[in-house]
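Everything on this sheet refers to the single structure shown next.
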Amino acid sequence: MSQVIVELATKTYEVKIDKQLHKHIGEELSQVWSKCKIALLTDSNVGPLYLSDTEMQLRSAGYEVLPLTVPAGESSKSLPVVGELISKMASAGFTRGDGVIALGGGVIGDLGGVVASLYMRGIAFVQIATSLTAQVDSSVGGKTAVNLGDTKNIVGSFYQPDLVLVDTTYLDTLSDRDLVEGYGEVVKTSALTGGDFYQLTGTIKGVSDIREQAQTLSERAITYKASVVMADEKESGQRQFLNFGHTLGHAIELLAHGQLRHGEAVAIGMIAISQRFERDGITPSGMTDSLRDRLTAVGLPTTSPLIGTPNFFKHLVNDKKNHGGVLNLVALAKIGEPIIVKKNIADMPAFMEN
C-alpha cells in the first residue's frame, strides 16, 4: 500500500492507495473513527455495484449505516438534494459524533462534503473514490461545492476529509468514456508537474494503458495535488494553478448541458487557453501540440463550437476566479512551470479570437 499524507494547519489525513482497500473498508475506517452512525452516500450508478458490500463491511465493523442514494449525474449537485439528505440524517437521529462517507466519483464527493460540512455545523467525512476523476483529483484537497442554476460549484466550502481511500479496482466497472474523462485531469496535473510525470503521460497511447497504469497515475497526481494544497489550502496563491483549463472548461461544460463530462471540458479548455497563450508568446511554441497529442491519444476532445459564443462569455463572469472583473488565468511558461496571467473579462472576447 502507498499513502500520501496531507498535513494542514488544522488537520492531517491520509490518502491510502491500494488495490485491496475495497475489501478492508471497515478496518480502515476503524483507524480514524470510533463507532458511530454513518450516512453512506452514493449514486444510482455506483450503488448497485458497491453499496451493499460496503454497507455490510461497515456494519460488521460495528457501525450503524444509513444508505443514501441519489440519481447519478451533475443534477444531484444542488441545494434541494443537500436539504433532502440532511433531512433524512436528522430523521435518523444523526448527531455531531456521526459521519458521512462519500462512495462514488466527483459529484458524490462534492455533495457528501457539502452535506458533512453543513450538518450541525460540521461532522466527520470520508471519501471512497470510485472514479478516476475522484481518485486523481477531486477527493483530495477539501474543496466541496454544489451548483446553483447554471452556475457550477458556486455554493460550497473548504472541508477536509478524515481519510481518502483510492482503490483502482473500482475503475474496472467504469465505461471507457467515464475512465478517460478522468484522464483529462491526469494530463493537466502532469503538465503542471513536468519531469517524469509528464513523460509518463506521453507513453499512454490508449484506454488499456490508462487501466494498466491507473495506480501509478493516481499516486503521481495525488502527490502533486497534496503538495499544492498543503502550501495553499484556501486557494489564495499557487493552488490556483490546479485551475489550468478549468476557467474555459467550466463554461464549456455548463453550455454542453450534460453532453460533455467534466474532464472532457477541461481537456478542451486546456487546449483553448494554451493555443491563445502560445499565440501571444507566453507559452512556448509546440507545447499545445504536445498536450493535444496526450489527450487525443485516448480519445479526449480538444475543440468545441461553444467556445467564444455570447453565453460562453456570460459564464466567465460567474466564474469563481473572477476577481472584480479580472480573471486569473493559468498559463504554462513551460511544462512544469505554471504562471498566473491576469486578464480583464472585458478583454476576453478579443483574447479568444483565433
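The values are calculated or read from the model by the stated rules, or taken from the named source; none is laboratory data. As the structure is a computational prediction, the values presented were derived from the model and not from experiment. Cβ: placed from backbone, ideal geometry, glycine included. Neighbour counts: every protein chain shown. For the accessible areas, the whole protein counts, side chains as well, though only heavy atoms, and no ligand, DNA or RNA atoms are used. Shrake-Rupley method; radii C 1.70, N 1.55, O 1.52, S 1.80 Å.
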* So, counting K/R as plus one and D/E as minus one, what does the shell of residues with Cβ under 14 Å around Gly112 add up to? -> -2
* Asked: With θ set to phi - 60° and the Karplus curve 6.51 cos²θ - 1.76 cosθ + 1.60, what are the ³J(HN,Hα) couplings of the range 41-52 in order, to the nearest whole Hz, using x for Gly and Pro?
  -> 9, 8, 10, 6, 8, 6, x, x, 8, 10, 5, 4
* Would you please give the residues with an amide H less than 5 Å from that of Leu327, counting only those at least 5 places away or on a separate chain, with H modeled from the backbone geometry? => Lys343, Asn344, Ile345
* Structure fact -> Over the range 39-92, with neighbouring protein chains present, the accessible area per residue in Å² at probe 1.4 Å is 47
* **Separation of alpha-carbon centers, the range 121-143 and the range 1-78, rounded to whole Å** => 10
* How much area per residue is accessible in the range 93-197 when the probe is 1.4 Å and only protein heavy atoms are counted (Å²)? -> 26
* Structure fact -> Rounded to one decimal in nm, the spacing of the 7 Å Cα→Cβ label points at Asp209 and Ser75 is 3.7
* Structure fact -> Label model pair Thr309, Arg279: point-to-point distance (7 angstrom along the Cα→beta-carbon line) in nm is 2.0
* Sites Gln3 and Leu200 - FRET efficiency at Förster radius 22 Å, r taken between beta-carbons, to 0.05 -> 0.65
* May I ask you to derive the relative contact order of the chain, considering only C-alpha pairs under 8 Å and at least 6 residues apart, and to give it as an integer percent? => 14
* To do: With a 1.4 Å probe and every protein chain kept in, tell me what percent of the accessible surface of the chain is carbon plus sulfur.
  => 51
* To do: Out of all DSSP beta bridges with both ends in the chain, state the antiparallel percent to the nearest 5.
  => 45
* To do: Report the calculated FRET efficiency for Arg59 and Ile339 (r = Cβ-Cβ distance, R0 = 41 Å), to the nearest 0.05.
  => 0.25
* Under the Karplus curve 6.51 cos²θ - 1.76 cosθ + 1.60, θ = phi - 60°, whole-Hz ³J(HN,Hα) for the range 230-243, x wherever Gly or Pro sits -> 5, 7, 7, 4, 9, 6, 9, x, 5, 4, 4, 4, 5, 7
* Rounded if a/c is under 1.5, else prolate if a/b beats b/c, else oblate: with a ≥ b ≥ c from the C-alpha gyration tensor eigenvalues square-rooted, which is the range 46-93? -> oblate
